[in-house]
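Below is a structure I'd like to ask you about.
The values are calculated or read from the model by the stated rules, or taken from the named source; none is laboratory data. Every value quoted in this text rests on a predicted model; they were computed, and no experiment measured them. Methodologically, a virtual Cβ is constructed for each residue, glycine included, from the backbone with ideal geometry; neighbour enumeration extends over all protein chains shown. Surface accessibility is based on the protein's heavy atoms, side chains included, excluding ligands, DNA and RNA. Shrake-Rupley method; radii C 1.70, N 1.55, O 1.52, S 1.80 Å.
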Amino acid sequence: MKTGNAINGDQNMSNAIRYYSTNRNIEPSGEIIPYGETVSFQDALLMGQAPDEGLFMPERIPTLSREAVFALRGRPYGEAARLVMEAFLASDISREELYTCIQSAYNFSVPLERVETGKYIMRLDQGPTASFKDFAARMMARLMGLMKGHGNRLNILVATSGDTGSAVGDAYRGVAGIDVYILYPHGEVSGRQKKQLDTIGENVQAISVAGKFDDCQNLVKQAFSDPALRGLNLTSANSINFGRILPQIVYYVYAYAQLAASGEEIVFSIPSGNFGNALGCEYARRMGLPVRKLVMPVNENDEFPSFLETGRYEKITPSRACLSNAMNVGHPSNLARFFDLYGGTVDRNGRVHVLPDLPAMRKNIFSVSVTDRQTRDTIKRVYERYGVVLEPHGAVGWQGLEDYLAATGDDALCVSLETAHPAKFPEAVEEAIGVEPELPQSMRDLEKKTGAPIRMDNDYEAFRTFLSGLA
């Protein structure tokens, strides 16, 4: 697919980073034929997923100098985005076009809220859909609109457990030549999340699936690998697409530059579901950011902390419904990328082909499961002690950080991520603290909007028939 002047000339392509599939080394079978080729960023972005159902990974990870990172102190968020994205994309897109994308994507604040000495909350809930997903979705929509080429039409399939769908839908609404179909599990998103999903409108259609998030995700992945649907130009805006991962590296670099002393190590606690957000931190560490520990608390879907403890991976089927519903994932897609970075391989179905380097994983990553009861208690305790309002996902992140500090006695600089606005979960917050969170400006007209989803069974043939009708 050609793209006009969005792509830099051939003279720069020798320096461009290429992307490979996480399934490239799997033994061929009736189910998986490994994809051994490498592709450009443009192809990885527009394909979404490799033909062998693997996820695209950069062949090399660029590094950032300490001086460049510290030059960001006191600077706008967009400058951190420039630093990180230029490191990956300098040979793929002109500097002017990249800067234009960044300026229009990031027109909201990124507060770093001090809780107590050395401990902060990074609020990623100030975007148009009040979710951290806005950061990646808005940048990805602009890159995809630029790189898809004139006259080419794309159909984007998105599986969401809560916030991804509304962020992606808002980011792509009205983008010419792109239609978006958002699959969410019926009955497992909050009322306000459902309202956001159902009422986006225009070129964005919500589909309510009678199943779990993992079922939605599997329907999407099956469609991508279905030869009968290749003419539809299907692609993904989920975090299986590397175009979603790249922008999520930025806020770790930004937070470190604003808070840390020169050379100081930092701990990030990231409430984790499909692992794309945590993966951004892993890449930031590999780019040179001095991350002492990546804390990855999960909810009661505890397959990952169990794996770190025992060395045996067993996905959870069906996934467990918890208050932190965006994290109700029994087999995280981006676990494949974590495995790959640590020398292992796991496929879409949760089958481990090669174990990763567990000692290295345990050295860099701490993970713990947080129950719904702990989540409620944390919302209440943090509000009473600090006057800080958290929603369920942010509470999982904070509790995970407290568990890490209690287990290690670490006194490093710490940042815990708040990934959604408390007003998206009014019932859970009000039950815990007796106060209904105030709606952000972006959500104040939500109740006036109208729209309805398409209802669908958890059946691939039904989904395939629906998609075939798009041709």
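Taking the range 172-184, which residues are part of a strand (DSSP E or B), open to solvent by less than 10 Å² (accessible area, probe 1.4 Å) and within 15 Å of T235 (Cα to Cα)?
The answer is I178, V180, I182, L183.
When you scan the range 237-249, do you find a residue that is open to solvent by less than 10 Å² (accessible area, probe 1.4 Å), closer than 15 Å to P332 by Cβ and at pLDDT 95 or above, even just one?
yes
Moving on to the next point. Failed condition for M57, given (1) in a strand (DSSP E or B); (2) in contact (Cβ under 8 Å) with a residue 60 or more places away in the chain; (3) open to solvent by 10 Å² or more (accessible area, probe 1.4 Å), with all others met?
(3)
Out of (1) modelled with pLDDT under 95; (2) over 20 Å from I121 (Cα atoms); (3) surrounded by fewer than 18 Cβ atoms within 10 Å (Cβ to Cβ), what's the single condition that is false for S442?
(3)
Scan the range 194-236 residue by residue and report those that are more than 24 Å from F275 (Cβ to Cβ), open to solvent by 40 Å² or more (accessible area, probe 1.4 Å) and not basic (K, R).
Within the range 194-236, E202, Q205, A210, P227, A228, G231, N233 qualify.
Sticking with this one: Restricting to the range 317-367, and then to whatever is crowded, with 19+ Cβ neighbours inside 10 Å and of a type in the set (S, T, N, Q), can you tell me which residue is farthest from K194 (Cα to Cα)?
Residue satisfying both the conditions and the ranking: T345.
Let me ask another. For the range 406-420, name all the residues that are over 25 Å from the mean Cα position of the chain (by Cα) and hydrophobic (A, V, I, L, M, F, W, C).
Those that are over 25 Å from the mean Cα position of the chain (by Cα) and hydrophobic (A, V, I, L, M, F, W, C): A406, A407, A412.
Also, I was wondering about something else. With the structure loaded, tell me whether R292 is at pLDDT 95 or above and either charged (D, E, K, R) or open to solvent by 10 Å² or more (accessible area, probe 1.4 Å) (or both) or whether it fails that test.
yes
Inspect the range 374-396 for any residue being farther than 25 Å from D134 by Cβ, in a loop (DSSP other than H, G, I, E, B), touching a strand residue (DSSP E or B) at 6+ places or on another chain (Cβ under 9 Å) and open to solvent by less than 10 Å² (accessible area, probe 1.4 Å) and give the result as yes or no.
no
Which ones in the range 403-437 are surrounded by 13 or more Cβ atoms within 10 Å (Cβ to Cβ), among the acidic types (D, E) and part of a loop (DSSP other than H, G, I, E, B)?
Hit for the range 403-437 is D410, nothing else.
Show the residue pairs that are 6+ apart or on different chains and have beta-carbon atoms under 7 Å apart, the first residue being within the range 28-45 and outside any loop (DSSP other than H, G, I, E, B), the second being open to solvent by 70 Å² or more (accessible area, probe 1.4 Å).
V39/R18
Only residues in the range 354-369 that are touching a residue at least 40 places away in the same chain (Cβ under 8 Å) count as the first member; pair them with residues that are open to solvent by less than 30 Å² (accessible area, probe 1.4 Å) and of a type in the set (S, T, N, Q), Cβ under 6 angstrom, at least 6 apart or cross-chain, and list the lot.
V354/T345
Another question, if that's okay. Can you give me the ranges of the helices (runs of 4 or more DSSP H) entirely in the range 65-171 with at least 2 residues that are free of Cβ contacts under 8 Å to residues at least 12 places away in the same chain?
Ranges flagged: 95-105.
Is it the case that the range 141-160 has a residue that's crowded, with 24+ Cβ neighbours inside 10 Å and within 27 Å of V267 (Cα to Cα)?
No, the range 141-160 contains no residue that is crowded, with 24+ Cβ neighbours inside 10 Å and within 27 Å of V267 (Cα to Cα).
Which of the residues spanning the range 445-471 are open to solvent by less than 30 Å² (accessible area, probe 1.4 Å) and either without any contact (Cβ under 8 Å) to a residue 12 or more places away in the chain or more than 18 Å from T199 (Cβ to Cβ) (or both)?
The answer is M456, F463, L467.
Here are G187, G191: which of them is open to solvent by 10 Å² or more (accessible area, probe 1.4 Å) and on the phi > 0 side of the Ramachandran plot? Write out each step before concluding.
On the way: G191 fails: on the phi > 0 side of the Ramachandran plot.
Exactly one residue qualifies, and that residue is G187.
Related question: Anything in the range 260-281 that is at pLDDT 95 or above, over 19 Å from W398 (Cα atoms) and either surrounded by 24 or more Cβ atoms within 10 Å (Cβ to Cβ) or not aliphatic (A, V, I, L, M) (or both)? List them, or say none.
E264
Output yes when any residue across the range 114-128 is open to solvent by less than 60 Å² (accessible area, probe 1.4 Å), touching a Phe, Trp or Tyr at 6+ places or on another chain (Cβ under 7 Å) and over 29 Å from G397 (Cβ atoms), and no when none is.
Scanning the range 114-128 turns up no residue that is open to solvent by less than 60 Å² (accessible area, probe 1.4 Å), touching a Phe, Trp or Tyr at 6+ places or on another chain (Cβ under 7 Å) and over 29 Å from G397 (Cβ atoms).
Working carefully through the options T129, T63, find the one that is among the polar types (S, T, N, Q) and at pLDDT below 95. Lay out the reasoning, then the answer.
Details: T63 fails: at pLDDT below 95.
It is T129.
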